[in-house]
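Enquirer: Next up is a structure, given as structure tokens.
The values are calculated or read from the model by the stated rules, or taken from the named source; none is laboratory data. All of these numbers come straight from a predicted model, not from anything done at the bench. A quick note on method: Cβ atoms are made from the backbone with ideal geometry, for glycine too, and the neighbour counts reach across all protein chains shown.
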Amino acid sequence: MENIIETYDITKKFDDFTAVDTVNLEVERNRVYGVLGPNGAGKTTLISMLCTILHPSSGTASVNGHDIVKQAKEVRASIGIVFQSRALDDILTGREHLEMHAALYGVPQDVRKKRIDEILDLIDLGEKADEFTKTYSGGMKRRLEIGRGLIHYPKVLFLDEPTLGLDPQTREKIWEYIEDLNKREDITVLLTTHYMDEADKLCDKIAIFNQGQIVKTDSPKNLKRELKADTITLTVDDIDKFCKAVEDLDFIKEIFVVDHEIKLMVERGENLITKMVNFAGENGIDVKSVELDHPNLEDVFIKYTGSSIKGER
């Protein structure tokens, strides 16, 4: 399938700090692609370069066949953007926001009203279209911002932490809109997130981003399948003593300490929980809690970065 986004050793430095380090990325057309990483990993900087807001220090990229440096105007005409920070005017209605952006992006007058009605239907704001946005809930505002980014028929929609700060029910509603617009608009979506469930639910493919670099790319299903291990999570009274005691046990594939918890990567974990609790007791270690989880994206992220999505080791 054709790639709609490609980066070529793209790099961004701020003085002595390298925010994005020689990244090579390929995003297929009409997919939902996720860039997964903790705050400060470089996700927003990467999107800012792809949107031509920031200029690369070296390397380049193409979006919809246009070079982000040499053809920035053509790139901007091909994309829609929704950033983390809200950018709505409280004294405008939802419809007025869409009308303004349709005019700014040169949507022809004779198709503008139809397009606005289509967007209002897509984001389920038709009944609230003529109310001031200051009366909107957080989820309604985010849906309006997504709709505004679609007004000019872009080929790529960039979503930077699209559900940040929203409650779980509203987040799931936003996920439905993202999936729907991907299908109905034939649009490629590139989103950044540090929510594992969001990436797992929405994305056809994921790039794990850490300290300015991509450390792994694949589909969520393949990433989880690759682990071939369950996770036993324990809290104990002496982490160092426990880790030293179990390091020679051959049925433990890997050991991580994350957020003051010990995570043991094992096969058939349900058969090992009692064994691990007894083992700890035999070594004078008190187990305060124990949990068993099957492979998830959090485990994948820990495997490839050595830290949780919060950036804690």
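Enquirer: Of the conditions (1) farther than 25 Å from Asp186 by Cα; (2) small (Gly, Ala, Ser); (3) crowded, with 20+ Cβ neighbours inside 10 Å; (4) modelled with pLDDT of 95 or more, Gly42 fails just one. Which one is it?
Expert: Unmet for Gly42, out of (1) farther than 25 Å from Asp186 by Cα; (2) small (Gly, Ala, Ser); (3) crowded, with 20+ Cβ neighbours inside 10 Å; (4) modelled with pLDDT of 95 or more: (4).
Enquirer: Separate question: Take the conditions out of contact with any strand residue (DSSP E or B) (no Cβ under 6 Å at 6 or more places or on another chain), in the same structural domain as Gly149 (by TED's automatic domain parsing) and at pLDDT 90 or above and apply them to Lys201. Does it pass? Steps first, answer last, please.
Expert: Working: out of contact with any strand residue (DSSP E or B) (no Cβ under 6 Å at 6 or more places or on another chain): yes; in the same structural domain as Gly149 (by TED's automatic domain parsing): yes; at pLDDT 90 or above: yes.
Taking the combined requirement at face value, the residue satisfies it.
Enquirer: Looking at (1) surrounded by 21 or more Cβ atoms within 10 Å (Cβ to Cβ); (2) of a type outside the set (Lys, Arg); (3) assigned to a helix (DSSP H, G or I), find the lone condition where Trp175 falls short.
Expert: Failed condition: (1).
Enquirer: Yes or no: His152 within 29 Å of the chain's Cα centre (by Cα) and part of a helix (DSSP H, G or I)? Before you say what the answer is, go through the steps one by one.
Expert: Working: within 29 Å of the chain's Cα centre (by Cα): yes; part of a helix (DSSP H, G or I): no.
No.
Enquirer: What residue, among those in the stretch 289-306 that are closer than 18 Å to Leu36 by Cβ and among the hydrophobic types (A, V, I, L, M, F, W, C), is surrounded by the most Cβ atoms within 10 Å (Cβ to Cβ)?
Expert: So, considering only residues that are closer than 18 Å to Leu36 by Cβ and among the hydrophobic types (A, V, I, L, M, F, W, C), the one surrounded by the most Cβ atoms within 10 Å (Cβ to Cβ) is Phe301.
Enquirer: I need the full set of residues from the stretch 83-94 which are of a type in the set (S, T, N, Q), more than 21 Å from Thr188 (Cα to Cα) and not in a strand (DSSP E or B), in order please. Walk me through how you get there before you give the answer.
Expert: Pass one, the stretch 83-94, residues of a type in the set (S, T, N, Q): 84-85, 93.
If we keep only those that are more than 21 Å from Thr188 (Cα to Cα) as well, we get 85, 93.
Scanning the stretch 83-94 gives a single hit, Ser85.
Enquirer: Failed condition for Asp21, given (1) modelled with pLDDT of 95 or more; (2) at positive phi, with all others met?
Expert: Unmet condition: (2).
Enquirer: Ok, one more. Quick check on my filter: what residues within the stretch 89-109 are aliphatic (A, V, I, L, M), under 29 Å from the mean Cα position of the chain (by Cα) and buried (at least 18 other Cβ atoms within 10 Å of the Cβ)?
Expert: Once the filter is applied, which keeps residues that are aliphatic (A, V, I, L, M), under 29 Å from the mean Cα position of the chain (by Cα) and buried (at least 18 other Cβ atoms within 10 Å of the Cβ), the stretch 89-109 yields Leu98, Ala102.
Rundown of residues vs (1) among the charged types (D, E, K, R); (2) part of a helix (DSSP H, G or I); (3) without any contact (Cβ under 8 Å) to a residue 60 or more places away in the chain; (4) not assigned by TED's automatic domain parsing to the domain that holds Glu161, yes/no style:
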site	(1), (2), (3), (4)
Val69	no, no, yes, no
Ala77	no, yes, no, no
Ile81	no, no, no, no
Glu96	yes, yes, yes, no
Val107	no, no, yes, no
Arg112	yes, yes, yes, no
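Enquirer: Which residue is surrounded by the fewest Cβ atoms within 10 Å (Cβ to Cβ), if the candidates are limited to the stretch 47-71 and must be out of contact with any His (no Cβ under 8 Å at 6 or more places or on another chain) and hydrophobic (A, V, I, L, M, F, W, C)? Before you say what the answer is, go through the steps one by one.
Expert: Here is the first cut: in the stretch 47-71, the residues out of contact with any His (no Cβ under 8 Å at 6 or more places or on another chain) are 47-48, 50-68, 70-71.
Adding the requirement that they be hydrophobic (A, V, I, L, M, F, W, C) leaves 47, 50-51, 53-54, 61, 63, 68.
On the way: Ile47: 22, Leu50: 25, Cys51: 21, Ile53: 15, Leu54: 18, Ala61: 23, Val63: 27, Ile68: 24.
The residue in question is Ile53.
Enquirer: For residues in the stretch 218-261 being β-branched (Val, Ile, Thr) and without any contact (Cβ under 8 Å) to a residue 60 or more places away in the chain, which is nearest to Met196 (Cα to Cα)? Break it down stepwise before answering.
Expert: Kept after step one, since they are β-branched (Val, Ile, Thr), are these residues of the stretch 218-261: 231-233, 235-236, 239, 246, 252, 255, 257-258.
Those left that are additionally without any contact (Cβ under 8 Å) to a residue 60 or more places away in the chain: 235-236, 239, 246, 252, 255, 257-258.
Values: Thr235: 22, Val236: 26, Ile239: 26, Val246: 29, Ile252: 25, Ile255: 21, Val257: 19, Val258: 16 Å.
Ranking the candidates gives Val258 first.
Enquirer: Still on this structure, please answer the following. Return only the number of the condition from (1) surrounded by fewer than 22 Cβ atoms within 10 Å (Cβ to Cβ); (2) at pLDDT below 90; (3) over 19 Å from Thr188 (Cα atoms) that Gly37 does not satisfy.
Expert: Checking Gly37 against (1) surrounded by fewer than 22 Cβ atoms within 10 Å (Cβ to Cβ); (2) at pLDDT below 90; (3) over 19 Å from Thr188 (Cα atoms), the one that fails is (1).
Enquirer: I've got another one for you. Scan the stretch 110-165 for residues that are of a type in the set (Gly, Ala, Ser), over 22 Å from Leu191 (Cβ atoms) and buried (at least 17 other Cβ atoms within 10 Å of the Cβ) and jot them down.
Expert: Applying the first criterion (of a type in the set (Gly, Ala, Ser)) to the stretch 110-165 yields 126, 129, 137-139, 147, 149, 165.
Filter once more, so that each one left must be over 22 Å from Leu191 (Cβ atoms): 126, 129.
Across the stretch 110-165, the qualifying residue is only Ala129.
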